[in-house]
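Starting off with a structure, shown below.
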Amino acid sequence: MLFALWLLFAGQWSGLIAAWGAGLALVAALGGEVVAGQGLLSVRWRPGWLRELGPALVAVVVDFLIITRALAVAIATGRRRLGAFGEDRSAAGSGELPAGRRAWVTLVATWSPNCYVLDIDPETGRRLVHDLEPHRLSEQPA
């Protein structure tokens with residue numbers, strides 16, 4: 001799969017590009033095996049996480065309207081918003097969070113165009129997010 005993604009990314013179909021793609025796919029696969037072999041990858045997906053998709057998809061639509069309004073105001077006034085960084089306890093849970101949970105929450109919460117999850121601390125569950133317009137529902141499920 002990594003090989004196919006490399007060919008799509010490169011956008012060319014020559015023998016040299018194919019060789020580079022195969023080589024990089026091999027390096028990525030070996031790197032994944034080393035990390036998994038050392039027990040550093042605690043990624044366990046839970047089917048219960050799917051219930052977080054509903055609020056996240058609603059937030060995408062609502063945030064599109066928020067961002068569109070902010071863009072219209074910026075064009076009309078000539079001033080743009082830079083947004084703000086925030087740090088607080090993640091709704092993903094408190095205490096130690098496994099890598100899979102942090103990755104899922106970061107992925108789903110970042111679908112929203114108004115909120116970008118920069119990091120979730122694995123030990124404390126505290127998260128760092130950037131919001132263009134403050135709107136707590138944009139950060140779901142983070």
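Evaluate the range 36-51: report whether one residue or more is at pLDDT 75 or above and assigned to a loop (DSSP other than H, G, I, E, B).
Initial filter on the range 36-51 (at pLDDT 75 or above): 36-38, 46-51.
Next, from what is left, pick out any that are assigned to a loop (DSSP other than H, G, I, E, B): 38, 46.
For the range 36-51, residues at pLDDT 75 or above and assigned to a loop (DSSP other than H, G, I, E, B): present.
May I pose another question? Residue pairs, Cβ under 6 Å, 6 or more apart or interchain, first in the range 97-118 and assigned by TED's automatic domain parsing to the domain that holds Leu53 and farther than 25 Å from Arg81 by Cβ, second part of a helix (DSSP H, G or I) and of a type outside the set (Ser, Thr, Tyr). List them.
Going by the 6 Å Cβ cut-off, the qualifying pairs are Trp104/Trp49.
Within the range 86-104, how many residues turn out to be touching a Leu at 6+ places or on another chain (Cβ under 8 Å) and either at positive phi or modelled with pLDDT of 65 or more (or both)?
Adding up the residues that qualify gives 3.
Is at least one residue of the range 1-8 assigned to a loop (DSSP other than H, G, I, E, B), modelled with pLDDT under 80 and not hydroxyl-bearing (Ser, Thr, Tyr)?
From the range 1-8, those assigned to a loop (DSSP other than H, G, I, E, B) are 1; that's our starting set.
Still in the list and also modelled with pLDDT under 80: 1.
Narrowing the set further to residues that are not hydroxyl-bearing (Ser, Thr, Tyr) leaves 1.
Checking the range 1-8: at least one residue is assigned to a loop (DSSP other than H, G, I, E, B), modelled with pLDDT under 80 and not hydroxyl-bearing (Ser, Thr, Tyr).
The values are calculated or read from the model by the stated rules, or taken from the named source; none is laboratory data. For clarity, every value in this text was computed on a predicted model and none was experimentally measured. Neighbour counts run over all protein chains shown; Cβ positions are idealised from the backbone, glycine included.
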